[in-house]
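**Student:** This is the structure, below, for whatever I ask next.
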């Protein structure tokens with residue numbers, strides 16, 4: 001990207017913050033409360049678990065570390081024990097205080113190519129509350145026992161923990177592939193695979209869609225498609241396991257907040273079957289959707305296009321509160337195929353702090369704190385708005401980087417393949433360009449777009465001022 005493009009992109013990203021009315025700097029009273037909380041957290045209920053050698057696995061540049069793990073084989077030789085520590089944000093926040101109110105206004109951390117808008121002041125989220133290596137930190141410490149069949153028994157308590165190592169996905173993958181990873185790290189593969197098998201058995205599904213991501217190099221930004229490493233999937237299974245254990249614990253005690261996703265309506269599945277036929281993907285009528293997805297290779301263009309289409313079945317996820325023992329309908333998350341909640345990222349997502357408190361109370365045999373019960377009814381709406389805003393920011397940032405990358409190249413031809421076609425107008429859709437890594441809208445033709453087929457396209461609009469790119473059939 002040229003210097004001029006970098007400047008125009010920077011200006012466009014700054015304008016985006018204003019256009020979307022995003023939070024700015026933290027108010028002085030919030031910063032003062034956060035600074036004091038960092039010095040004097042409430043550690044009165046925390047037991048000492050610093051003898052467990054925890055580790056974290058995150059992207060290399062991350063400093064807001066929500067989770068740390070310690071994995072071991074059970075002493076009876078039947079399965080595994082997972083210790084999973086979640087940052088204890090409630091040890092730093094005073095319910096009803098300025099810091100708490102600001103977190104409810106922000107809801108989630110928002111990510112930009114050049115910066116982030118954090119949920120909590122960085123003195124907490126990247127400092128005193130983050131599970132940084134070599135530091136003693138308060139945590140909600142889950143202990144989850146898995147038997148040989150992957151069945152989990154879990155509890156959670158407050159504890160002080162100490163991470164010994166900050167690892168990244170690529171480094172973990174290299175160690176495990178080379179056979180140099182020692183326990184507990186080597187067990188990540190074993191437990192991850194076991195949980196993936198259990199996911200298959202219960203009918204759950206994880207979509208392996210290549211992600212379009214913004215990459216930074218020497219102060220300039222580009223785009224790349226990133227296929228997830230097996231280590232990331234194994235790590236995600238540990239987080240998923242904890243979210244399922246938390247949901248079950250809340251369900252057993254009658255009060256909680258679930259992450260729910262209804263089953264896809266018949267019309268959506270029928271549309272997906274039509275897409276499979278158009279993409280020449282074999283989908284026998286007796287084969288479940290999840291089984292078809294697991295058979296696909298994201299490296300093949302028609303398979304990647306179908307995986308992109310499959311994301312439409314994941315729309316409609318939300319947060320649902322229940323009290324008095326009455327589970328909502330639906331109660332399960334259709335992609336997880338079980339009860340599930342968000343509880344593993346409280347430094348970056350508001351709802352997780354409340355889920356942790358509900359589970360801590362359930363394990364202790366106590367009623368949830370009053371400040372948790374009072375906040376529950378409003379959380380689904382708050383999270384829906386915060387999640388929508390985060391999605392808007394993510395897509396807008398990618399659109400701006402795409403537009404900046406292609407600025408001045410209007411009229412050029414590119415090789416693409418069609419990953420989506422509109423039902424109401426099949427001449428309009430979405431194309432996937434491999435180099436540079438662009439996903440853009442295509443329109444202007446008269447013939448229906450060939451879903452999953454390669455297509456020569458012409459760039460008709462680009463530049464940060466335009467805010468997005470547009471292609472037409474060549």
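**Student:** Label points 7 Å out from Cα along the Cβ direction at residue 472 and residue 43: separation in nm?
**Tutor:** 6.6 nm
**Student:** Estimate the FRET efficiency between residue 50 and residue 74 by the formula 1/(1 + (r/R0)^6), using the beta-carbon distance for r and 25 Å for R0, to the nearest 0.05.
**Tutor:** 0.70
**Student:** With r as the distance between the Cβ atoms of residue 314 and residue 371 and R0 = 45 Å, compute the FRET efficiency 1/(1 + (r/R0)^6) and round to 0.05.
**Tutor:** Computed FRET efficiency for residue 371 and residue 314: 0.90.
**Student:** What is the distance in Å between the Cα centres of segment 205-231 and segment 85-148?
**Tutor:** Here the answer is 25 Å between Cα centres.
**Student:** At 0.36 nm per residue, minus the direct Cα-Cα distance, what do residue 384 and residue 456 gain on full extension? Give it in nm, one decimal, please.
**Tutor:** 22.1 nm
**Student:** Also, I was wondering about something else. Which three extents, in whole angstrom, do the alpha-carbon atoms of segment 16-136 cover along their principal axes, largest first?
**Tutor:** On the principal axes, segment 16-136 reaches 58, 35, 22 Å in Cα extent.
**Student:** First obtain the Kirkwood hydrodynamic radius of the chain from its Cα pairs, then insert it into the Stokes-Einstein equation at 37 °C and 0.692 mPa s, and state the resulting D in µm² per second as a whole number.
**Tutor:** Here the translational diffusion coefficient equals 137 µm²/s.
**Student:** Further question: Give the relative contact order (percent, whole number) for the chain; include only Cα pairs under 8 Å separated by 6+ residues.
**Tutor:** For the chain, the relative contact order is 16 percent.
**Student:** Something else: Nearest 10 degrees, 0 to 90: what angle lies between the long axis of helix 169-178 and the longest principal axis of the chain (Cα atoms)?
**Tutor:** With rounding to tens, the tilt is 80 degrees.
**Student:** Now, a different point. Just want the ordering: 359, 310, 343, from fewest to most Cβ atoms lying within 10 Å of their own Cβ.
**Tutor:** Ranking 359, 310, 343 by Cβ neighbours within 10 Å, fewest first, gives 310, 359, 343.
**Student:** Using the number of other C-beta atoms within 10 angstrom as an exposure proxy, rank 300, 366, 166 with the fewest first.
**Tutor:** Ranked by crowding around the Cβ, least crowded first: 366, 300, 166.
**Student:** If you don't mind, another one. Give the residues of segment 40-83 whose amide nitrogen is closer than 13 Å to a point set 7 Å from the Cα of residue 183 in the direction of its Cβ.
**Tutor:** What the label zone holds, given the 13 Å backbone N cut-off, is 71-82.
**Student:** On full extension of the chain, what length is gained from residue 274 through residue 212, given 0.36 nm per residue of separation minus the C-alpha to C-alpha distance?
**Tutor:** Stretched out fully, the residue 274 to residue 212 stretch lengthens by 19.8 nm.
**Student:** Just from its helices, what would the mean residue ellipticity at 222 nm be for the chain, if runs of 4 or more DSSP H residues each count -39500 (n - 2.57) and the sum is divided by every residue, rounded to the nearest 500 deg cm²/dmol?
**Tutor:** -11000 deg cm²/dmol
**Student:** In terms of the Cα gyration tensor, with a ≥ b ≥ c the square roots of its eigenvalues, is segment 182-239 rounded because a/c is under 1.5, prolate because a/b exceeds b/c, or oblate?
**Tutor:** Oblate, since a/c reaches 1.5 and b/c is not below a/b.
**Student:** Based only on Cα atoms, what Rg/Rh ratio does segment 266-312 have, Rh being taken as Kirkwood's radius?
**Tutor:** Ratio of gyration radius to Kirkwood radius: 0.91.
**Student:** Here's something else I'd like to know. More than 15 Å apart: what percent of Cα pairs in segment 318-368 qualify?
**Tutor:** 55 percent
**Student:** When a footprinting reagent is the concern and you count Cβ atoms within 10 Å, what order do 269, 123, 172 take, fewest first?
**Tutor:** Ordered by Cβ neighbours within 10 Å, fewest first: 269, 123, 172.
**Student:** Now for a separate question. Can you tell me the 0 to 90 degree angle between the C-alpha axis of helix 28-39 and the longest principal axis of the chain, rounded to 10?
**Tutor:** That helix lies at roughly 50 degrees to the long axis.
**Student:** Now for a different question. Classify segment 406-473 from the C-alpha gyration tensor, please: rounded if a/c falls under 1.5, else prolate or oblate depending on whether a/b exceeds b/c.
**Tutor:** Judged from the Cα gyration tensor, segment 406-473 comes out prolate (a/c at least 1.5, a/b above b/c).
**Student:** What is segment 132-175's relative contact order, in percent, from Cα pairs under 8 angstrom and six or more apart in sequence?
**Tutor:** Dividing the mean separation by the residue count of segment 132-175 yields 45 percent.
**Student:** Can you give the FRET efficiency for residue 101 and residue 331, using 1/(1 + (r/R0)^6), R0 = 25 Å, r = Cβ-Cβ distance, to the nearest 0.05?
**Tutor:** 0.25
**Student:** With everything on Cα atoms, drop me the angle between helix 230-253 and the longest principal axis of the chain, reported from 0 to 90° to the nearest 10.
**Tutor:** So the helix axis and the longest Cα principal axis differ by about 50 degrees.
**Student:** Here's another thing I want to ask about it. Subtracting the Cα-Cα distance from 0.36 nm times the residue separation, let me have the gained length for residue 17 to residue 153 in nm, one decimal.
**Tutor:** So the extension gain works out to 44.5 nm.
Bear in mind that the values in this text are calculations on the coordinates, not laboratory data. Keep in mind that what you see is a predicted model, and the values were worked out from it rather than measured. All Cβ positions, glycine included, derive from the backbone under ideal geometry; neighbour counts span all protein chains shown.
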